[in-house]
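Some notes on the structure that comes next.
The values are calculated or read from the model by the stated rules, or taken from the named source; none is laboratory data. Computed from a predicted model, the values in this text were never measured in an experiment. Here Cβ is always computed from backbone atoms with ideal geometry, including for glycine, and neighbour counts include all displayed protein chains. Calculation scope for accessible area: heavy atoms of the full protein, side chains included, ligands and nucleic acids excluded. Shrake-Rupley method; radii C 1.70, N 1.55, O 1.52, S 1.80 Å.
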Amino acid sequence: MKLNKQKWQEIYYGDYVDHIEVTETKPEKRLNARYVSVEHIETGDLKIRSWLNEEMPTFFRTFKRGQVLFGKRRAYQRKVAVADFDGICSPHIWALEAKKGLIQEYLPYVMLTDRFYEYANANSAGTMSPYLKWPQLSKYKFPLPPPEEQKQIAALFQSIETAIEQVEYQEKNFKFLLKNLIIGLVCKAPVFGNLLSKKNCSLCTFEDIAECIELHDKKPLENGITRFVGLEFIESDNFNLQGYGDIEKGTTFTKRFSKGDILFGKRRAYLRKVAIADFDGICSGDILVIRAICSKLLPELLPFYIASDTFINHAVSTSAGSLSPRTKWRDLAGLEIAIPDMKSQKVIANILLQFRDIVEQLVNQKTTLQNLKQKLLHDILG
């Protein structure tokens, strides 16, 4: 793409963009409308993927298909979407239309740049819930390419958006298939294609296949342990740890875990926090350190068993407490399931690990595309 930025004209946002304020009060139209709030717009996603079909009494502003929706409250959240249906939105959302020489398809990408948000944040008023007003936004200045270049730039980013959607669709499908395989596997009568039957499966409890490790180290640094893990470093439905803390900077945690152990968040078990430790460390007391009994279960299979609906639902049902319910190992240990013989376990583990690898590759591919999009936004429009 050849761009001649010397021909780009510096313009004011308000001269080329209108915020449309049309209200809908007719009961019959409000009854069947889709209602969109700021919470329905996801950061970094131009597509509106959720809404309310129930009437929202405080929402009156309409929006039309093709308009750009922008969350003017807490602008730092970068809530921008392109409507692909007509509806009614929150008063905290602007419905925007391009005019003059600005092409509508180009508008959302102007609003995804760091430059735009630096201005929006600097000109928002308020502390707890900063709010951007139109007179301030209308004075935002940015360079506008000629129409033909706008079309080329918009087409480039739309192609990246399409690629991201395709990867997300594949990721969703593989996760769905993987989840169904695990649902069939972890129960009292396991099914895994034609591989399993009563002849090669045996009933047991969870404590027969795994043990909860309760080792503590009050001087981890002296023993070469430098990292700790809290619940904040374990992401729902993701076996990979999302980071760690530095013990030298201080921690009250003493529970030890080893590389390969499974870390399970026993507090608010419904959050499905399960991770595979990829280093030795210490962790929060709200994390159970679980290790496979290798003579009964392949260690590679344990994270799938713990992340299963069967295990999570049992953990939730055995949790006590109202504000921050916690489960205990002695309750989890009694969960009854059936496990395949070792020969079948090896086949199953190979298949599940392949599925997990494909999902991780798709996640990485999506991240690469998202990073490419941000880089191009900075390089071209920044």
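Would you mind computing, in nm to one decimal, how far apart the modelled labels at residue 179 and residue 226 are, each placed 7 Å from Cα along Cα→Cβ?
For residue 179 paired with residue 226, the spin-label model returns 3.9 nm.
Hey, how much of the P(r) for the stretch 154-208 falls beyond 13 Å, as a percent of Cα pairs?
Pairs farther apart than 13 Å: 70 percent.
Show me the three semi-axes of the equivalent ellipsoid for the stretch 6-108, from the C-alpha gyration tensor (sqrt of 5 times each eigenvalue), largest first, rounded to whole Å.
26, 15, 11
Normalised radius of gyration for the stretch 134-264, please: alpha carbon Rg relative to 2.2 N^0.38 Å, two decimal places.
Normalised Cα radius of gyration, the stretch 134-264: 1.83.
Express the accessible area of the chain per residue in Å², computed with a 1.4 Å probe while the remaining protein chains stay in the model.
52
Got a sec? Charge dipole of the stretch 84-173, +1 on Cβ for Lys and Arg, -1 for Asp and Glu; which of 117, 164, 104 is way out at the positive end?
117
Treating the Cα atoms of the stretch 60-105 as identical point scatterers in vacuum, please give the log10 of the normalised Debye intensity I(q)/I(0) at q = 0.23, 0.27, 0.32 Å⁻¹, two decimals.
At q = 0.23, 0.27, 0.32 Å⁻¹ the computed log10 ratios are -0.81, -1.00, -1.17.
So how much slack lies between residue 198 and residue 31, counting 0.36 nm per residue of separation and subtracting their Cα-Cα distance, in nm?
Separation in residues times 0.36 nm, less the Cα-Cα distance, equals 54.7 nm.
Using only the Cα atoms, what convex hull volume per residue in Å³ does the stretch 196-254 have?
151
Between residue 326 and residue 293, what is the label-point separation in nm under the 7 Å Cα-to-beta-carbon projection?
For residue 293 paired with residue 326, the spin-label model returns 2.6 nm.
Let's see if you can work this out: charge +1 on each Lys and Arg Cβ, -1 on each Asp and Glu Cβ, no other charges. What is the dipole magnitude of the stretch 106-195 about its Cα centre, in debye to the nearest 20?
Working: 9 positive and 8 negative charges, 75 e Å.
Dipole about the Cα centre, nearest 20: 360 debye.
Give me the extension gain from residue 350 to residue 49: residue separation times 0.36 nm, minus the current Cα-Cα distance, reported in nm with one decimal.
Gain on extension, residue 350 to residue 49, equals 104.9 nm.
In the chain, if the dipole is taken from +1 on Lys/Arg beta carbons and -1 on Asp/Glu beta carbons about the Cα centre, which of 200, 135, 263 is farthest to the positive end?
Among 200, 135, 263, the one farthest towards the positive end of the dipole of the chain is 135.
Expressed as a fraction of 2.2 N^0.38 Å, the rule-of-thumb size for a compact globular protein of N residues, what is the C-alpha radius of gyration of the stretch 291-382? Mind dumping the intermediate values first?
Working: Rg = 20.0 Å, N = 92, 2.2 N^0.38 = 12.3 Å.
The reported ratio for this selection is 1.63.
Enumerate the calculated ³J(HN,Hα) couplings along the stretch 193-198 in order (Karplus 6.51 cos²θ - 1.76 cosθ + 1.60, θ = phi - 60°), each rounded to whole Hz, writing x wherever the residue is Gly or Pro.
My calculation for the stretch 193-198 gives x, 9, 6, 10, 7, 4 Hz in order.
Work from the charge dipole of the chain (Cβ charges, +1 for Lys and Arg, -1 for Asp and Glu, about the Cα centre) and give the residue of 277, 178, 37 farthest towards its positive end.
37
Over the stretch 107-193, what portion of Cα pair distances is larger than 21 Å, expressed as a whole percent?
Numbers: 2267 of 3741 pairs.
Distances greater than 21 Å cover 61 percent of the Cα pairs.
Tell me, in nm to one decimal, what length is gained between residue 117 and residue 213 on full extension, where the rule is 0.36 nm per residue of separation less the Cα-Cα distance?
Full extension of this stretch gives 29.8 nm more.
Using the Kirkwood radius over Cα pairs, work out the Stokes-Einstein diffusion coefficient for the chain at 4 °C and 1.567 mPa s, in µm²/s as a whole number.
53
Given the rule -39500 (n - 2.57) for each run of at least 4 DSSP H residues, summed and divided by the residues of the chain, what is its mean residue ellipticity at 222 nm, to the nearest 500 deg cm²/dmol?
-9500 deg cm²/dmol, from helical runs alone.
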